[in-house]
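The values are calculated or read from the model by the stated rules, or taken from the named source; none is laboratory data. What you see is a predicted model; the values in this text were computed from it and never measured. Glycine also receives a Cβ, built like all others from the backbone with ideal geometry; neighbour counts cover every protein chain displayed. In case anyone asks, the SASA skips ligands and DNA or RNA and just uses the protein heavy atoms, side chains included. Shrake-Rupley method; radii C 1.70, N 1.55, O 1.52, S 1.80 Å.
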Amino acid sequence: MVLSNKRPDDMARITTKELAQKFIDEQVKEIQAQVGDRKVLLALSGGVDSSVVAALLIKAIGKNLYCVHVNHGLLRKGEPEQVVKVFRDEMNANLIYVDAVDRFLDKLAGVEEPEKKRKIIGAEFIRVFEEQARKLEGIDFLAQGTIYPDILESGPVKAHHNVGGLPDDLQFELVEPIRLLYKDEVRMVGVELGLPAGMVYRQPFPGPGLGVRCLGAITRDRLEALRESDAILREEFDKNGLANKVWQYFTIVPDFKTVGVKNDLRSYEWPVIIRAVNTIDAMTATIEEIPYDILHHITDRITHEVKGVNRVLYDLTPKPTGTIEWE
Ligand code: XMP
């Protein structure tokens, strides 16, 4: 079956509950017509796009969808647990959870160069996904969370979608139910499908995840400090009404230590850097002016609650000259 990759000029923008519901009903029928009673595989990261695709497919074909969630150890605090809770426990999906943390961190040990880190993470992801795909028998389709901007920017396959490189003997027909939607429409459909708001409205998160925020060679202790400080920042942004106002916000842990004082003793620990930016298209970005009392409170929490951290910095650099990520 050949499905169109061009959004029809007269396709209404999904702006209401009713339009989202209509889209869901149509897609469920379209997926059922394309797939029949055959099996579909999906790499489910827990990001907005793959989550919406999973929810649509669960509605259309139930247990004939096989979701693979790869925990590579570079996800934010609570994310792998949320994927399991939402999809396995609440939506009763076939979810294969792969704990690949040691595998990824062993491969990354000692690697300092950002692009090398990205390549290792991408290649290892494909390898883990491929192993799972080979274990499952009788899969005919691969579902992908390709959205319309991906098609406009990079042709038919999601550019940064890590499963683009499966070997030739493991090629599947694609199922891409949200390929004609813009991001805001994907979110509306996600809400209508009953996905949690925290999943549907989450900020962008890069494919290599925390791997490019734990600067230089990744170590488990700095990665833990990064995950914990990021969780505190997100919690405080949520509490203070900043989460919906700021486009992307996160912490970074560099690979050097600074001297400080803790409990009247000299400490020699890492700093944590906070980044909070606004942008339309990620090509340029401005700095969000966070009220000082909130910054003080976040600093206090991070320096007291996160092991190995004695200092907090706020990055004031717009893009250009800085990029949004530090690596
Ligand atoms: P930069 O750092 O280039 O980031 O200003 C622009 C946007 O892209 C995201 N980003 C990535 N996303 N894989 C991704 O999927 C990557 O390797 C990657 N690097 C940066 C970044 O988070 C920001 O939203």
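For the residues ASP168, ASP99, ASP255, a GNM of the chain with alpha-carbon springs under 10 Å puts the largest fluctuation on ASP168. Net charge in the neighbourhood of GLY194 (other residues with Cβ under 10 Å of its Cβ; Lys, Arg +1, Asp, Glu -1) is -1.
Here the chain carries DSSP beta bridges of which approximately 35% are antiparallel, counting only pairs with both residues inside. Shape of the stretch 125-228 from the C-alpha gyration tensor: oblate (a/c of 1.5 or more and a/b not above b/c, with a ≥ b ≥ c the square roots of its eigenvalues). Placing unit charges on each Cβ (+1 for Lys and Arg, -1 for Asp and Glu) gives the chain a dipole about its Cα centre, and among THR15, PRO80, VAL259 the Cα reaching farthest toward its positive end belongs to VAL259.
Over the stretch 213-314, the Kirkwood radius and the radius of gyration, each from Cα atoms, give a ratio Rg/Rh of 0.99. The packing ranking of peptides 289-295, 5-11, highest mean first, is 289-295, 5-11, where packing means the average number of other beta carbon atoms within 10 angstrom of each residue. Partners of LYS319 within straight-line reach, counting lysines whose Cα lies under 25 Å from its Cα and excluding those fewer than 8 residues away in the same chain: LYS116, LYS117, LYS119, LYS158, LYS183, LYS245.
Once a ≥ b ≥ c are taken as the square roots of the eigenvalues of the Cα gyration tensor of the stretch 228-285, is the result rounded (a/c under 1.5), prolate (a/b larger than b/c) or oblate (a/b not larger than b/c)? Present the calculation step by step, with values, prior to reporting the outcome.
Values: a/c = 4.01, a/b = 1.90, b/c = 2.11.
Taking the square roots of the gyration eigenvalues as a ≥ b ≥ c, the stretch 228-285 is oblate.
Over the chain, what number does the Rg to Rh ratio reach, with both radii from the alpha-carbon atoms and Rh per Kirkwood?
Dividing the radius of gyration by the Kirkwood radius yields 0.99.
From most to least packed by mean Cβ count within 10 Å, the peptides 101-110, 267-276 give 267-276, 101-110. Treating each Cα of the stretch 10-72 as one equal point scatterer and applying the Debye formula with no solvent, the log10 of I(q)/I(0) at q = 0.14, 0.15, 0.17 Å⁻¹ comes out as -0.46, -0.52, -0.65. Residues considered: GLU112, GLU224, GLU185. Largest GNM mean-square fluctuation over the chain, using C-alpha springs under 10 Å, is found at GLU112.
Please label the shape of the stretch 196-269 as rounded, prolate or oblate, based on the square roots a ≥ b ≥ c of the eigenvalues of the alpha-carbon gyration tensor (a/c under 1.5 means rounded; beyond that, a/b larger than b/c means prolate, else oblate).
Working: a/c = 2.99, a/b = 1.60, b/c = 1.87.
Note, shape of the stretch 196-269 comes out oblate.
With protein chains left intact and a 1.4 Å probe, residues in the stretch 17-200 average 43 Å² of accessible area per residue. Averaging the Cα positions of each part gives two centres, and for the stretch 1-74 and the stretch 258-289 these lie 38 Å apart.
Taking Cα pairs under 8 Å and at least six residues apart, what relative contact order does the chain come out at, in percent? Please report the intermediate quantities before stating the final value.
On the way: 532 pairs, mean separation 54.9, N = 327.
Relative CO of the chain lands at 17 percent.
Protein heavy-atom surface of the stretch 1-56, 1.4 angstrom probe: 54% of the accessible area is carbon and sulfur, with nucleic acids and ligands not counted. Computed on the Cα atoms alone, the convex hull of the stretch 17-200 gives a volume of 121 cubic angstrom per residue.
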